[in-house]
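Chemist: Sending over a structure as structure tokens; questions will come in a sec.
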Amino acid sequence: MSSSSLTARVIMLNSRLRGGGTDAQCLALAQGLAAQGWEVATAGPEGALLSDEAPDLRPLPRFRPLQGLVLAGLLRRSRARIVHAHHGDDYWTALLASRLVQPRPLVVFSRHLAKSPRAPLSRQHLFAQADAVIAVSSFVAQVLREGYRDPASPIAERHHRPACRIDPRRLHIIHTGIDTEKFRPRERAFADSARSALGLRPGETAFGVVGGFDLPVGKGQRVFVRAAREVVRRLPKSKFLLAGTGTLAAALEEDIRHHGLEDRVRLIGQQSDPVALHHALDILVHPQIATEAFPSVVLEAHACGRPVIASRLDGIPEAWAIGGLGHLVPPGDAVELAATMIGQAEHAAPSEPERAAAHARVEAEASLPVQARRVADLYRRLMAR
């Protein structure tokens, strides 16, 4: 049997389905694999936010000690060849369930976080037991293999990320994909309509941060607000949008008042149309100061032909380099961020060929079909072996 003909049932294990990047990426991969002819089912909770979007949902109890037994039964009945877990909480469940079934299904983990597991037992044994581990970026793979130290960071979680025991031959780097059919350059009228819907006037330069802002630091939104104070002195027609929700909202509102930016900086909440949001912005800013594995929002902006100013931190440069429009800046430096924002705004906007080229690079390296094809190729290699 040729490796190209090796397809089989895959169980995507996701005990959350509550929303967020990892859940969205799990479902997108499942859909991409199904489009390539793979039989894909999802083991997850009923009634969760994304349960209705999960392909062929098989109910999983919320009580974690029972999940392994229920999953084992599902694997046995479906004769699945692969169980693929995406959340760290689900890794042990996948391993346990696979050991209760004969013939044993292959176990694949996707690692979406640039962090080490907290428990020494997990660091020593968890990844070593999987048949394959997919890191969403080279930086995530580095954390797993070698660990990472950043003792000078003001963020405690960055100080020391220990290495994990893992066979390098089982570690594979496959970038997260985005929908490049949806995120693409649009005509000027589309952008004008999107800007008007957000109250942006002609001639105003719109900077924006897209992402949640939960305590303690969100995506670095407070650094962005401090930078905005400097930018408006040079660019009096600039506006600053914070798209998302989170527990930092009160602190951000206080920062805005403290810097006298009430008519310049706005919290606009979660946006239902991320494509329109990217086209409404002249420049996306991603001022992350905490850990970051591989930011999809940077890929989305580049696929739309928008320049991105992002922190030179963790896996961010790896994602930014694919589209390559804009600049990287030191994390947490509001002065440098402001200077870069001013310089980018005073520079000519990307031309139509430049926007098209950025989209083509994202499509070739980090689109959903490319991601699904690379994961499917890995599955086939594992089954053939």
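The values are calculated or read from the model by the stated rules, or taken from the named source; none is laboratory data. As the structure is a computational prediction, the values presented were derived from the model and not from experiment. Positions of Cβ are generated from backbone atoms using ideal geometry, with glycine treated the same way; all protein chains shown enter the neighbour counts.
Chemist: Here's a check for you: in the range 330-361, which residue that is part of a helix (DSSP H, G or I) and either charged (D, E, K, R) or touching a Ser or Thr at 6+ places or on another chain (Cβ under 6 Å) (or both) is nearest to GLU187 (Cα to Cα)?
Modeler: Looking at the filtered set, the residue picked out is GLU352.
Chemist: Which members of the range 204-241 meet the condition of being β-branched (Val, Ile, Thr) and within 12 Å of LEU252 (Cβ to Cβ)?
Modeler: Result: VAL209, VAL217, VAL223, VAL225.
Chemist: If I ask for residues that are surrounded by 16 or more Cβ atoms within 10 Å (Cβ to Cβ), farther than 18 Å from ALA94 by Cα and small (Gly, Ala, Ser), which ones from the range 25-53 would you list?
Modeler: ALA28, GLY32, ALA34, ALA48, SER51
Chemist: Further question on the same structure: Pairs, please: C-beta under 6 Å, at least 6 apart or cross-chain, first residue more than 20 Å from GLU204 (Cβ to Cβ) and in the range 272-301, second surrounded by fewer than 22 Cβ atoms within 10 Å (Cβ to Cβ) and among the small types (Gly, Ala, Ser)?
Modeler: ILE289/GLY332
Chemist: Also, I was wondering about something else. Report yes if PRO117 is under 26 Å from ARG222 (Cβ atoms) and in a loop (DSSP other than H, G, I, E, B), otherwise no.
Modeler: Numbers: under 26 Å from ARG222 (Cβ atoms): no; in a loop (DSSP other than H, G, I, E, B): yes.
Judged against the criteria, PRO117 is not a match.
Chemist: Ok, one more. Output the residues belonging to the range 49-95 that are assigned to a strand (DSSP E or B) and either within 30 Å of GLN124 (Cα to Cα) or within 22 Å of the chain's Cα centre (by Cα) (or both).
Modeler: ILE82, VAL83, HIS84, ALA85, listed by residue number.
Chemist: Restricted to the range 216-252, and to residues that are outside any helix (DSSP H, G or I) and among the β-branched types (Val, Ile, Thr), which residue is surrounded by the fewest Cβ atoms within 10 Å (Cβ to Cβ)?
Modeler: THR247
Chemist: Okay, next question. Yes or no: LEU378 in the same structural domain as ASP150 (by TED's automatic domain parsing), crowded, with 16+ Cβ neighbours inside 10 Å and either of a type in the set (Ser, Thr, Tyr) or touching a strand residue (DSSP E or B) at 6+ places or on another chain (Cβ under 7 Å) (or both)?
Modeler: When the stated conditions are applied, LEU378 passes them.
Chemist: Would you mind stating whether VAL265 is in the same structural domain as LEU198 (by TED's automatic domain parsing) and within 20 Å of the chain's Cα centre (by Cα)?
Modeler: Taking the combined requirement at face value, the residue does not satisfy it.
Chemist: Out of the residues in the range 161-200 that are touching a strand residue (DSSP E or B) at 6+ places or on another chain (Cβ under 8 Å) and in a helix (DSSP H, G or I), which is farthest from LEU121 (Cα to Cα)?
Modeler: Checked the range 161-200; the qualifying residue farthest from LEU121 (Cα to Cα) is ARG195.
Chemist: Looking at LEU198 and the list (1) surrounded by fewer than 18 Cβ atoms within 10 Å (Cβ to Cβ); (2) under 28 Å from ALA251 (Cα atoms), which single condition is not satisfied?
Modeler: Single failed check for LEU198: (1).
Chemist: From ALA301, ALA310, ALA293, grab the single residue that is in contact with a Leu (Cβ under 8 Å, 6 or more places away or on another chain), within 23 Å of VAL231 (Cα to Cα) and not in a helix (DSSP H, G or I).
Modeler: ALA310
This table checks each residue for (1) touching a helix residue (DSSP H, G or I) at 6+ places or on another chain (Cβ under 7 Å); (2) at pLDDT 95 or above; (3) surrounded by 21 or more Cβ atoms within 10 Å (Cβ to Cβ).
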| residue | (1), (2), (3) |
| --- | --- |
| HIS112 | yes, yes, yes |
| ARG123 | no, yes, no |
| PHE139 | yes, yes, yes |
| SER153 | no, no, no |
| ARG184 | yes, yes, no |
| VAL209 | yes, yes, yes |
